[in-house]
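Novice: Starting off with a structure, shown below.
Read-outs throughout are calculated quantities, based only on the coordinates presented, and are distinct from any laboratory measurement. Just so we're clear, the structure is a prediction, and the values are computed from it rather than from any experiment. Here the Cβ positions follow ideal geometry from the backbone for every residue, glycine too, while neighbour counts run over all protein chains shown.
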Amino acid sequence: MQTIEVFKTNITCPEKAKQLVILINKKFTGCKANFDLDDCDNVLRVVSNKDCITALHFIDWLKNFKCCAEILPDN
């Protein structure tokens, strides 16, 4: 079963977003990440084929890279 988590972030720099995607995809096997910096919320999407990490743990991990993130609710 596929899980998708969507986060609002403070990332605005395309280079930093690219670096974070590489780190996320390496660190969390089974997860694929991408940013949508054109969105007003600078969205980070993480798709997983398994439960590789909880959303709150992931938010805490992002703080190591000075990235603030919060879960965007389903609308």
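Novice: Give, in nm to one decimal, the length gained when the segment between residue 64 and residue 2 is fully stretched (0.36 nm per residue of separation minus the Cα-Cα distance).
Specialist: This chain segment gains 19.7 nm when fully extended.
Novice: Determine the sum of side-chain charges near residue 21: Lys and Arg each +1, Asp and Glu each -1, restricted to other residues whose C-beta is under 13 angstrom from that of residue 21.
Specialist: So the environment of residue 21 carries a net charge of +4.
Novice: Let me ask something else about it. Modelling each spin label as a point 7 Å along the Cα-to-Cβ direction, I'd like the residue 56/residue 26 distance in nm, to one decimal.
Specialist: 2.9 nm
Novice: If I compute Cα extents along the principal axes in Å from the structure I just sent, which labelled value in (i) 34, 20, 15; (ii) 53, 23, 18; (iii) 31, 29, 19 lines up?
Specialist: Checked against the structure: label (iii).
Novice: Run the numbers on the range 3-71 and let me know its relative contact order in percent, using alpha-carbon pairs under 8 Å that are six or more apart.
Specialist: Relative contact order of the range 3-71: 43 percent.
Novice: Here's something else I'd like to know. Would you kindly derive the ³J(HN,Hα) couplings of the range 59-68 from the backbone phi angles with the Karplus curve 6.51 cos²θ - 1.76 cosθ + 1.60 (θ = phi - 60°), listing them in order in whole Hz, with x for Gly and Pro?
Specialist: 4, 4, 4, 5, 4, 4, 10, 6, 10, 8
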